[in-house]
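Okay, structure first, notes after.
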Amino acid sequence: MFGTLAIVFAAGLLGPVLAAGRRPDLVVLDLTDAWRFDASTLAAVVATYRRRGFQVCLDGIGDVPAAMTLLEAVIPDVVKLDMSLVQDPLTVK
């Protein structure tokens, strides 16, 4: 269900972006709490957006161990680290 909705949304997002005079390759879709979804499903959804030219960001990487596994599956254009990784960099969790 998530994949189908995302594909429909991606198709509908391109028109407004172009109508606003923006290039999709300059738009970054920020995925927060993406670790809640199956990695292969999320990778397929991200591929749909990329085919339309959008960039993808994974947000909050490091706060949940499962989020780290998405880095390989999704290969985001941008990664936003959770502040817990940088607040005390000498402490290993």
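The values are calculated or read from the model by the stated rules, or taken from the named source; none is laboratory data. All values reported here derive from a predicted model rather than from experimental measurement. Neighbour counts are summed over all protein chains in view; Cβ atoms, including those assigned to glycine, are modelled from backbone coordinates with ideal geometry. When the accessible area is computed, the model is the full protein with side chains, heavy atoms only, and any ligands, DNA or RNA have been set aside. Shrake-Rupley method; radii C 1.70, N 1.55, O 1.52, S 1.80 Å.
Arrange the residues LEU14, LEU58, LEU26 by how much accessible surface each exposes, largest first, with a 1.4 angstrom probe. Each step should come with its number before you reach the end.
Working: LEU14 45, LEU58 0, LEU26 120 Å².
Per-residue accessible area, sorted high to low, gives LEU26, LEU14, LEU58.
Could you sort ARG52, ARG23 by their accessible area in this structure, using a 1.4 Å probe and putting the largest first?
Numbers: ARG52 70, ARG23 130 Å².
My answer, sorted largest first, is ARG23, ARG52.
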Full extension between VAL86 and ARG51 adds, at 0.36 nm per residue less the Cα distance, a length in nm of 9.3 nm
So how much slack lies between THR32 and VAL78, counting 0.36 nm per residue of separation and subtracting their Cα-Cα distance, in nm? 15.3 nm
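Quick one: net charge around CYS57, please, counting Lys, Arg +1 and Asp, Glu -1 for every other residue with C-beta under 11 Å from its C-beta. If you can, show how the numbers build up before the last one.
On the way: positive: LYS80; negative: ASP30, ASP59, ASP77.
That sum, taken over residues with Cβ under 11 Å, equals -2.
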Leaving out ligands, DNA and RNA, what percent of the accessible area of region 16-61 is carbon and sulfur, probe 1.4 Å? 55
For GLY62, residues with placed amide H under 5 Å, excluding near neighbours: ALA67, MET68, ASP82
Determine ³J(HN,Hα), in whole Hz, for all residues of region 58-72 in sequence, where each value follows from phi through the Karplus function 6.51 cos²θ - 1.76 cosθ + 1.60 and θ = phi - 60°; x replaces Gly and Pro. 9, 9, x, 5, x, 6, 10, x, 4, 5, 5, 5, 6, 4, 6
Over region 14-81, what is the relative contact order in whole percent, taking alpha-carbon pairs under 8 Å and six or more residues apart? 35
